[in-house]
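For reference, the structure discussed in these notes is given below.
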Amino acid sequence: MHLAYPAVLSALLFCTGLYGVLARRNAILVLMSVELMLNAVNLNLVAFDVWLSKAARDTLHSGQALTLFTIAIAAAEIGIGLAIVLAVYRNRGTSDIDRLRDSAEGHESDGPEGDAPTTDQTGKAEATA
Amino acid sequence: MTTTTLAVLVPLLPFLGAAAGLLLGRTAPGFVRPLAVLPTLASFVLAVLVAVRQGGDQAVDAHTELTPTGSVPVELALHIDGFAALVAVLVGVVASCVQIYSTGYLRDDPRYPSYAALVSLFTSAMLLVVYSGDLIVLLVGWEIMGICSYFLVGHYWETPEARAASIKAFLVTKLGDVPFLIGLFALATDTGSFRITKVLGAVASGGLHHPTLIALLLLAGVAGKSAQFPLHTWLPDAMAGPTPVSALIHAATMVAAGVYFVARLLPVFEASSAAMVVLAVMAAVTMLGSGLAALAQDDIKRVLAYSTIGQLGYMTGALAVGDRGAAVFHLLSHGAFKALLFLAAGVIIHAAGTNSLAAMSRMGNLRDRVPDAFWTMTVALLALAAIPPFSGFFSKDAVLGAAEHVATGYTEHAPGTAGWITLVAGLITAALTAAYATRLWLLAFRGQGTEAPDHGRQPLTMTAVLWVLAVPSLALGGFAYRSLPDWFDGRDLAPTLTTSVLGTGVALIGGIVTYAAWRHSTAAAARVPLGAVAAHPEGDAGLVEAEAIATHAPAYGDVASAPDPADPGRLLLGPLHRHAAVGFHLDAVYAALFVRPVLAGASLVRFLDREVVETYVRGAGALPRLLGAAVRRAQTGNVQTYVSALLAGTVVLAVAAVLVATGA
């Protein structure tokens, strides 16, 4: 199989993921898009590993080893990511990224749901902890 | 032990006592009193031993160079001649009495440990000045005394008077000390040594190139330390300190250091006749002004302070006519009777609960409350007024005799003008001295009115030392004037007929006139009620005094004078009284000449700093602030925006890398 096929596929996957990260508003979908990007990279790694080992320049298969590492780390990352999203959702009642703008310059509470007191309390709780 | 070892121990013991007192004051309060009294007493005994061994013969000289210090060597040197030996004995006596007295006077004072340690340190510094044979070592003691004086005057730092007085004392004496230091350097440059013996040798062989300049520079320091016009203004204010401190520092020893210094280096001053005339004029102005001012003061201690200034004027007058024997003779007798006067005044202030003479003159029977203070103070005042046969008569007459000697043409070193100035001023001051001494005695002990409050007997430690000091006040002059010339330069100190008749005569006139004025004005006493009295008369003496000082200004409107029509001084001085009470407005002159320009300069600097310098600093800060505000706008809080920016940056970098790699 020519190297072009997996490379193009991986580029498409990566672009899809990138689009998802940049455009999606739901945090879970953003995380899923991140997975897509990671897997695009994995695909690239495996494909190039095979291509390089065919040319007998690399016999260690470090590409495949790195892929395994990436999968393990991606699993851990998605676990933590989903946990954070869950916590945010419980706290705010939303997982919309556009409404989680607490780090904005000159941030004031957005929305009339009374988010600000909650955030303030969490902030205080964190500060005291 | 050799005499040198003994002499080294004399200043060392109080120093060690002071160090131990400061270290142990908190942890072992029981040791504080012994540590204060015993080293001082021991050093007094050693000073007596040194004096006996020295015996007025050849001066004891010893020196060692600790380390090379560059051009002119600084050596640890002793130079003990008759002057040094006797002055050290005086310092020992007065310091021991003061330490013993303080144990009673400040017995409930929480700051007694540091107070006693500072008095010990002060004693040690004074003894260092007395014994030192090297001018720089002398200067060390000189400055330590200055700082100890600052701390001790400010002992009652709760009161604003004491705080102001301590700062004033420090600044005014420093004003003299700066020229003094320059003068010492100039002297050392001319003579090539800081050792007193070598300096005097060089002067004798005519090695002094700028005698007038050096003498005048040194005189500035002497005027500051010895409270001579025009740098005397700190001394009356320094009476805000505790009475024992006034007795030790501001009467008997520290202020005498300046006189003693001139006595040691008299040939340097004699090398310039202009300096001698300046010295004489300074002494005359000081004597007359302080005599008049003393007559107008209401605070008993301020009367004594002005009297100290006047008596120091006699000493500088004696130096101006080139007779250091007479000057140091008066220093010795004055040290004894003035210490006694102050200590007795402390007892009176404690008993009366006030430091105001106007208030005391409205208390009947004060004399029976404090019989020890009454009798000893009478002796001391007679000595101060130079009535024969008290010690002050002999020493003051030695001064007047020396002045007359020079005035009538026997000029060896001193110019005849200096003789006349000193003689005339001295005689007038003798009358003034007797007048204010009489006034003090009449107002304090012949008061009429309600009974003085009785708060029990004075502590034995306070009354016993009065009698100890009464002995030299009574008898030092009469017994010593024959033997003292052997210790000094050998010049006769016996009273001469002319000056003794004249001096005693004017003193009697002064006393009698004051008595007459008192009889005349005392009828008015009943019209004005009793003024300031301390709030806690049963407290220890130090507390009573602090309260008395603090209540004087609210009660009478001024710390120095009181509007008392029964005051004989008011009648005697007439329209001059108003000016004399405030020390002839010298403080106002200083305020106009120095204080206000300095304050104006300070506000100018403040303006420059606040308005000019800070504008640049603010400007430098404003630009980054603006930039920061612009950059902060990018912080939208939307993570996706950040990632988009990241992506755009990555693409730009990648394109750039590709372009560079392909060489386009």
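Of note:
- Total charge dipole magnitude, chain B, about the Cα centre, Cβ charges on Lys, Arg, Asp, Glu only, Debye to nearest 20: 1260 debye
- Once the C-beta distance of B:A274 and B:T378 is scaled by a Förster radius of 35 Å, the resulting FRET efficiency is 0.25 to the nearest 0.05.
- Ranked by how many other beta carbons lie within 10 Å on average, peptides B:335-345, B:642-652, A:13-23 from highest: B:335-345, A:13-23, B:642-652
- Listed residue (B:F337, A:N39, A:L3) projecting farthest to the positive dipole end of the protein assembly as shown, Cβ model: B:F337
- Estimated FRET transfer efficiency (B:S644, B:D609; beta-carbon r; R0 56 Å; 0.05): 0.70
- Pair B:V598, B:A629: separation of 7 Å Cα→Cβ label points (nm): 4.5 nm
- In this label model, B:R457 and B:T64 are separated by 4.9 nm, measuring between points 7 Å along each Cα→Cβ vector.
- Length released on extending from A:A75 to A:N26, taking residue separation times 0.36 nm less the Cα-Cα span: 15.7 nm
- Span per principal axis, largest first, for the Cα atoms of the stretch B:273-584 (Å): 58, 43, 30
- Fewest-first ordering of B:K198, B:K396 by other beta carbons within 10 Å of each residue's beta carbon gives B:K198, B:K396.
- Over all pairs of different C-alpha atoms in the protein assembly as shown, the reciprocal of the mean inverse distance, the Kirkwood hydrodynamic radius, equals 31.8 Å.
- On Cα atoms only, tilt of B:460-480 relative to the major axis of chain B in degrees: 60 degrees
- Straight-distance crosslink candidates among lysines, where the alpha carbon sits under 19 Å from B:K168 and sequence neighbours closer than 8 are dropped: B:K225, B:K301
- Charge dipole (Cα centre; +1 on Lys/Arg Cβ, -1 on Asp/Glu Cβ; no other charges) of the protein assembly as shown amounts to roughly 460 debye.
- Label zone at B:T2 (point 7 Å along Cα-to-Cβ), backbone N below 14 Å, the stretch B:38-74: B:60-65
- Model label sites at B:R107 and A:D102, defined 7 Å from Cα along the beta-carbon direction, differ in position by 7.1 nm.
- Once the C-beta distance of B:L576 and B:L38 is scaled by a Förster radius of 51 Å, the resulting FRET efficiency is 0.55 to the nearest 0.05.
- Expected 222 nm ellipticity per residue - DSSP helices of 4 or more, -39500 (n - 2.57), all of chain B, to 500: -23500 deg cm²/dmol
- Computed as a quarter of the hull surface, the mean projected area of the alpha carbon convex hull for the stretch B:86-182 stands at 6.7 nm².
- Bridge type composition, chain B - antiparallel percent by DSSP, nearest 5: 80 percent
- Spherically averaged projected area of the convex hull of Cα atoms, the stretch B:246-347: 5.8 nm².
- Pair-distance profile P(r), taking every C-alpha pair of the stretch B:425-528, with 10 angstrom steps and integer %: 12, 25, 32, 22, 8, 1
- Average partner coverage of B:623-635, which counts Cβ from other chains inside 10 Å: 1
Quick note: the coordinates plus some simple rules give every number you see, no bench work behind them. Because the structure is a prediction, the values reported are computed rather than measured. We place every Cβ from the backbone using ideal geometry, glycine too, and count neighbours over all the protein chains shown.
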